[in-house]
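**Q** Dropping a structure here in structure tokens format, bear with me for questions.
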Amino acid sequence: MNKLTRITQEEIIEKFPWAAELNLAEEMNNEEGYFYDLLKWQFGNGRMKLINDMFQDMSNYFKSINKNPDVTVYEVKDVGGFLRVELLSENQNIYAIKERYEKLSEVTCSECGDLGILRMMKGGPMVLCEPCYCDRLF
Ligand SMILES: [Zn+2]
């Protein structure tokens, strides 16, 4: 995959506004009087590319059936080094796309997008290719 253009969370959400995480806690805030912010995505560019492609696939799918995107995203997060997405949709195909990318994240270097494997790092497990792994060791 080589060099990737850097993709930011802002760019992804601008392209796919329907994919912005719904801040449940913020809605609750009005009633319960406490505040909690969703964390900004702390992903390398390989992972960001994967998220971008996932939302692109979902968007293409809705276009192909002539419907507006019907997805509510609750959280895009990392669990044990892998991408996990909490979302709700009436459409089963959306879950199939989500699961495909979650699986892909298990073998895709989170930094550069090349083939990678799960490695135990200081900050926790990460999927990394050999060069990105070595970069982080020194
Ligand atoms: Zn890499």
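Each value in this text was obtained by applying a stated rule to the coordinates, not by laboratory testing. Please read these numbers as outputs of a predicted model, since none were measured by experiment. Ideal geometry is used to build each Cβ from the backbone, glycine not excepted, and the neighbour counts take in all protein chains shown.
**Q** Among the residues of the range 55-74, are any within 16 Å of the ligand (Cβ to nearest atom), within 22 Å of GLU21 (Cα to Cα) and among the small types (Gly, Ala, Ser)? Spell out the reasoning first.
**A** Keep residues of the range 55-74 that are within 16 Å of the ligand (Cβ to nearest atom), which gives none.
No, because not a single residue in the range 55-74 is within 16 Å of the ligand (Cβ to nearest atom), within 22 Å of GLU21 (Cα to Cα) and among the small types (Gly, Ala, Ser).
**Q** Same structure, new question: Could you list, in sequence order, all residues of the range 43-102 that are among the small types (Gly, Ala, Ser) and over 26 Å from PRO125 (Cβ atoms)? Please lay out each step first, then the result.
**A** We begin by selecting, within the range 43-102, every residue among the small types (Gly, Ala, Ser); these are 44, 46, 59, 64, 80-81, 89, 96.
If the condition is that a residue be among the small types (Gly, Ala, Ser) and over 26 Å from PRO125 (Cβ atoms), then SER59, SER64, SER89 are the ones that fit.
**Q** Tell me whether the range 57-71 contains one or more residues that are out of contact with any helix residue (DSSP H, G or I) (no Cβ under 7 Å at 6 or more places or on another chain), surrounded by fewer than 19 Cβ atoms within 10 Å (Cβ to Cβ), within 17 Å of GLN42 (Cα to Cα) and among the aliphatic types (A, V, I, L, M).
**A** no
**Q** Also: Sort out which residues of the range 60-100 are of a type in the set (Gly, Ala, Ser) and over 21 Å from ARG6 (Cα atoms), and write them in order of number.
**A** The first filter runs over the range 60-100 and keeps only residues of a type in the set (Gly, Ala, Ser), leaving 64, 80-81, 89, 96.
Passing the criteria: SER64, GLY80, SER89, ALA96.
**Q** For the range 103-127: of the residues being within 9 Å of the ligand (Cβ to nearest atom), of a type outside the set (Asp, Glu) and over 14 Å from LEU83 (Cβ atoms), which is surrounded by the fewest Cβ atoms within 10 Å (Cβ to Cβ)?
**A** Per the stated criteria, the residue is LEU115.
**Q** Sticking with this one: Do we find that ASN91 is surrounded by fewer than 16 Cβ atoms within 10 Å (Cβ to Cβ) and more than 16 Å from the ligand (Cβ to nearest atom) in this structure? Lay out the reasoning, then the answer.
**A** Numbers: surrounded by fewer than 16 Cβ atoms within 10 Å (Cβ to Cβ): no; more than 16 Å from the ligand (Cβ to nearest atom): yes.
Taking the combined requirement at face value, the residue does not satisfy it.
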